[in-house]
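The block underneath contains the structure these notes are about, expressed in C-alpha cells.
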Amino acid sequence: MSLLGIDVGTTGCKAVAFSEKGDAIASSYEEYDIKSPRNGYAELDTWEVWKKVLSVLAKTVSGTKSDPVKALSVTSMGEAMVPVSENREILGPSLLNFDERGAEYCSALPAFQNDEKLYSINGNTLANNYGLTKLLWIRDYQNELYKKVYKFLNWGAFVMFMLGSDPVIDYSLANRSLLFELDSGAWSDYLLKEANLDRDKLPDPVL
C-alpha cells in the first residue's frame, strides 16, 4: 500500500506517492498564478487552485494501481486562508501573507502590540503576514462574506475538508493566525476577544 503526499504552495501544487519503503512511485505538478486585482493585493483564485489540486491527485493516483494509496498527508503555505461554507463550497479567494490588506490593524490592536504578552501566548509578534489581520480586513471590508463563512481554513486544512474530513487544523498552521495559545493547544479566548473575532469560524486544532 502506498502513501500520498500533497503540497500546496504559493505558485504550484504537487502530489507524490511513495511505497512503504520510501520509493517514489508516481508524481504530478501543476502551476497557477498569483492574482493582483489592485496594487498591493496578492491572492490566489481558490477555485483554480482547487482544480489543480484535484488534477495532480488524479494523475498521481492513476500511477499507483499496483500499490493503492492507503493514507495521505497535506502540507501547505503557512498563513493564507480559504473561506468555505458548511456544504464545502468555496466562498472567495485566498489572501496571501504578503498581501498588503490588513496592515492598518498592526497599529490598532493594543493587546497585540505588547510583544512580550503576545509572545508568551502565541510565540510570535504582530505583523501583517499572519492570518489575524486578513481576517479582520475581511470582517470589516467584506462583512457579507464574513457572515456567510462557515470556516476559514488554511490550505492544508482546506484540502482535507474538501476531500471529506472534518474542519480541523494542525497546531503549526493554527499558530500562523496569531490567535492560537501554545500552552493549551487551543484557540486563545483572550486573543479572540481582543480581536473581536468569532471562534466558531475557525477549525478545531488537532495534533
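What follows is calculated from the coordinates using simple rules that are stated; it is not laboratory data. What you see is a predicted model, and the numbers here were worked out from it, not measured in a lab. Every residue, glycine as well, gets a Cβ built from its backbone with ideal geometry; the counts of neighbours run over all protein chains shown.
Being buried (at least 21 other Cβ atoms within 10 Å of the Cβ) and either among the basic types (Lys, Arg) or in contact with a Gly (Cβ under 7 Å, 6 or more places away or on another chain) (or both) is the filter here; which residues of the stretch 144-174 pass it?
The initial filter retains those residues of the stretch 144-174 that are buried (at least 21 other Cβ atoms within 10 Å of the Cβ), namely 146, 149, 151-160, 169, 173-174.
Answer for the stretch 144-174, where residues must be buried (at least 21 other Cβ atoms within 10 Å of the Cβ) and either among the basic types (Lys, Arg) or in contact with a Gly (Cβ under 7 Å, 6 or more places away or on another chain) (or both): Lys151, Leu173.
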- Out of (1) in contact with a helix residue (DSSP H, G or I) (Cβ under 7 Å, 6 or more places away or on another chain); (2) among the hydrophobic types (A, V, I, L, M, F, W, C); (3) in contact (Cβ under 8 Å) with a residue 60 or more places away in the chain; (4) within 17 Å of Leu163 (Cβ to Cβ), what's the single condition that is false for Ala80? (4)
- Query: Under the condition of being touching a residue at least 40 places away in the same chain (Cβ under 8 Å) and among the charged types (D, E, K, R), which residue from the stretch 121-161 is farthest from Cys106 (Cα to Cα)?
  - Reply: Lys148
- Query: In the stretch 31-48, is there at least one residue being in contact with a Gly (Cβ under 9 Å, 6 or more places away or on another chain) and in a helix (DSSP H, G or I)?
  - Reply: yes
- Within the stretch 184-198, which residues are of a type outside the set (Ser, Thr, Tyr), outside any strand (DSSP E or B) and within 21 Å of Gly78 (Cβ to Cβ)? Gly185, Leu191, Leu192, Ala195, Leu197
- Message: Can you pull out every residue in the stretch 95-120 that is in contact (Cβ under 8 Å) with a residue 24 or more places away in the chain and aromatic (Phe, Trp, Tyr)?
- Response: Phe98, Tyr105, Phe112
